[in-house]
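Heads up, the thing below is written out as structure tokens.
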Amino acid sequence: MSEQPAVRIAMWSGPRNISTAMMRSFGNRADTWVVDEPLYAAYLRATGLEHPAREEILASQRDDWRAVTAELTGPVPGGRSVFYQKHMTHHLLPGTGREWLAEVTNAFLIRDPAGVVASYAKVRGAPTLEDLGFPQQVEIFRRCADRSGQAPVVVDAADLLAAPEAMLRLLCERLGVGFDPAMLTWPAGQRATDGVWAPHWYAAVEASTGFAPPSDRPPVVPDHLLDLLERCRPSYQELAAHRLTVS
């Protein structure tokens, strides 16, 4: 009996989403290896941006996108059958090749921009549209849809938080992997697979043991970011039209 081919999942998200919790969920599967934002160092090297732990990030990852993507499409570490790759959309710069996207199963994690903008404003007062990754997410989505002739998998964070098991079952089905109940809860704490930037950003997820219930409080977007919010909406709505829904 032939061995089943590995499933390489590239999950594309913008910042201030539940992307790290989703990584925890997949990382709790026995058959899955996870990698945390593997293009981050390449992004920092190319842009020269100053981010928290910049030098540690550059020292911890390869900063040549060609070498990184060769690893992402190569053998799955640890001999696992599922390779879950947590990606930030803005890390895929215009000068980064796209050919490797055809060798992975691309999926998209979205969040209503009001929540994204409100959350980002707490850590950086004046983000740009590109900081939030919405136009980059649309570009990647369209490229994948054009290549395959059908819309890639899209999951809305609000839908997943409202019904974690139902949404994860549906997501796994669409990704071609079996659902594992271990995805619903995980041990609190750090992971060896977390990026070296974790101490700056992962306090909440390190304390978590599962997906938090959705907040019943509407996000508060500062007045000076209302125009940015409106510029984000068309990109979000384009992908949201294809999001998975539980019947």
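The values are calculated or read from the model by the stated rules, or taken from the named source; none is laboratory data. Note that the structure is a prediction, hence the values are computed from the model and not measured. Cβ: placed from backbone, ideal geometry, glycine included. Neighbour counts: every protein chain shown.
When restricted to residues that are closer than 17 Å to residue 171 by Cα and surrounded by fewer than 22 Cβ atoms within 10 Å (Cβ to Cβ), region 30-44 contains 1. Against the criterion of being out of contact with any helix residue (DSSP H, G or I) (no Cβ under 7 Å at 6 or more places or on another chain), surrounded by 15 or more Cβ atoms within 10 Å (Cβ to Cβ), over 30 Å from residue 95 (Cβ atoms) and not hydrophobic (A, V, I, L, M, F, W, C), residue 206 qualifies.
To keep it simple, each residue is scored yes or no on (1) at pLDDT 95 or above; (2) in contact with a Phe, Trp or Tyr (Cβ under 6 Å, 6 or more places away or on another chain); (3) surrounded by 16 or more Cβ atoms within 10 Å (Cβ to Cβ); (4) in a loop (DSSP other than H, G, I, E, B).
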{"residue": "167", "(1), (2), (3), (4)": "yes, no, yes, no"}
{"residue": "177", "(1), (2), (3), (4)": "yes, no, yes, yes"}
{"residue": "196", "(1), (2), (3), (4)": "yes, no, yes, yes"}
{"residue": "235", "(1), (2), (3), (4)": "yes, yes, yes, no"}
{"residue": "238", "(1), (2), (3), (4)": "yes, no, yes, no"}
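When region 1-50 is filtered for residues that are of a type in the set (Ser, Thr, Tyr) and either more than 27 Å from residue 113 (Cα to Cα) or outside any helix (DSSP H, G or I) (or both), the ones remaining, listed by number, are 2, 13, 32. On the stretch given as region 67-104, residues that are in contact with a Gly (Cβ under 8 Å, 6 or more places away or on another chain) and surrounded by fewer than 12 Cβ atoms within 10 Å (Cβ to Cβ) total 0. Scanning region 171-190 for residues that are in contact (Cβ under 8 Å) with a residue 12 or more places away in the chain and within 17 Å of the chain's Cα centre (by Cα) yields 171, 174, 175, 183.
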